[in-house]
Amino acid sequence: MITYKVLTTNEEMELVQQLEHAVWGTSPIPTHQTLTAVKHGGTVIGAFDGDKIVGFSYGFAGFENGKVSLCSHMLGILPEYRELGIGAELKQQQKQLAVKIGYERMTWTYDPLQTRNAYLNLTKLHGVCDTYIEDCYGKMDDGLNKGLPSDRFQIDWWITSDYVNQFVKKEYDKPTVLASWAYNDQNVPYCDDEYFRKITNFDKEAYLVPVPADITNLKEQDLDVAVDWRLKTRTIFKTLFQNGYTAIELVKTKDKPVHYYHLVQKNKLIIPQ
């Protein structure tokens, strides 16, 4: 049975450091930083299998456009525990703590080509995204990020809103698919953005944007194709965001190498603007 605990001591922060190294293979955050953060509106929550820490979330107080939010900066889970719903529960635990502290909004970033994260952040948690950050962290050489520009979606999670807490799926007009895909001669799926490049006026209620279902496997198959997906989807997402659209969910497909982001006009959503 997995249990969850708010972490506050130096010894607990050292456990988080060990987990950081196991998950990403990089130097962990100094404990003096995480300890200071939790004393000033930040949060660190651990997931435990018995006495063994298997996952954690870390957030710190942020300030943007005149409003305070909780920046949920890191969430890590050991590989063998990643299909047990721990990530979603860590976010829910963090949300409960954030509301108790007094936050109305949480934010975090993730790679839009990492569809497991996309499904959690948008489809399950009902976060939304209309912010694309190009090469957010510069060059990254860890196993998860190596080889691609570190582009990121910024999620806005309105944790006290009805949109999140009393979510009702809304039906939109049939979305327009902005790009197609096909297999190349090496049987690797590539992105064809010819249709998107011909559009001069974005006026549909909703659009679909394809992304690789498994970018990690795609990078191993053909890094050049993976980079091409990054660059083409970067242009599509940035254009849609600039034209007033917001990503609201990831739509999974069965037995296909792509999934689809669903984007709608932001003014159609009942969320803080």
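Where does each of 35-47, 111-123 land if you order them by average Cβ count within 10 Å, highest first?
111-123, 35-47
So what does the Cα-only Debye profile of the range 1-46 read at q = 0.19 Å⁻¹, as log10 I(q)/I(0), no solvent term?
-0.58
Please work out the C-alpha center-to-center distance from the range 13-39 to the range 181-229 and express it in whole Å.
First find each Cα centre; the distance between them is then 36 Å.
Packing-wise, with mean Cβ within 10 Å as the measure, how do 248-255, 11-18 rank, highest first? Each step should come with its number before you reach the end.
Values: 248-255: 14.4, 11-18: 17.0.
The packing order, highest mean first, is 11-18, 248-255.
Could you compute the FRET efficiency for GLU80 and LYS252, with r as their C-beta to C-beta distance and R0 at 22 Å, rounded to 0.05?
That pair, GLU80 with LYS252, gives E of 0.45.
Distance cut-off 20 Å, Cα to Cα: go down the list LYS124/LYS232; LYS238/LYS266; LYS169/LYS266 and report the pairs above it.
On the way: LYS124/LYS232 26 Å; LYS238/LYS266 14 Å; LYS169/LYS266 15 Å.
Going by Cα-Cα distance, LYS124/LYS232 fall outside the 20 Å limit.
So, R0 is 22 Å and r is the distance between the beta-carbons of SER150 and HIS21; what FRET efficiency does that work out to, to 0.05?
The calculated FRET efficiency here is 0.65.
Using a Förster distance of 30 angstrom, determine the FRET efficiency expected from the C-beta separation of LYS238 and ASP173, and round it to 0.05.
E between LYS238 and ASP173, to the nearest 0.05, is 0.85.
Per the helix-only calculation at 222 nm, which mean residue ellipticity applies to the chain, given -39500 (n - 2.57) for every DSSP H run of n ≥ 4 and division by its residues, nearest 500 deg cm²/dmol?
Counting only the DSSP helices, I get -8500 deg cm²/dmol.
Specify the residue with the greatest mean-square fluctuation among TRP157, TRP108, TRP181, computed from a Gaussian network of the chain linking alpha-carbon atoms under 10 Å apart.
For the chain, modelled as a Gaussian network with Cα springs under 10 Å, the answer is TRP181.
Could you bin all the Cα-Cα distances of the chain into 10 Å bins starting at 0 and give me the percent of pairs in each, rounded to whole numbers?
Histogram of Cα-Cα distances, whole percents per bin: 6, 28, 35, 23, 8, 1.
For the range 56-161, how big is the tail of P(r) above 16 Å, as a whole percent of Cα pairs?
59 percent
Using each residue's phi in the range 75-82, evaluate 6.51 cos²θ - 1.76 cosθ + 1.60 at θ = phi - 60° and report the 3J(HN,Hα) Karplus result to the nearest Hz, with x for Gly and Pro.
Karplus-based 3J(HN,Hα) across the range 75-82 equals 9, x, 9, 4, x, 6, 10, 7 Hz.
Taking +1 at the Cβ of each Lys and Arg and -1 at the Cβ of each Asp and Glu, which of TRP158, VAL211, ILE236 sits farthest along the dipole of the range 143-273 towards its positive end, judged by Cα position relative to the Cα centre?
TRP158
What whole-number value in cubic angstrom gives the convex hull volume per residue for the C-alpha atoms of the range 4-122?
For the range 4-122, the hull spanned by Cα atoms encloses 113 Å³ per residue.
No value in this document is a laboratory result; all are computed from the given coordinates. Small disclaimer: the values here were computed from a predicted structure and weren't measured. Don't worry about glycine lacking a Cβ; one is built from the backbone with ideal geometry, like all the others, and counts go over all protein chains shown.
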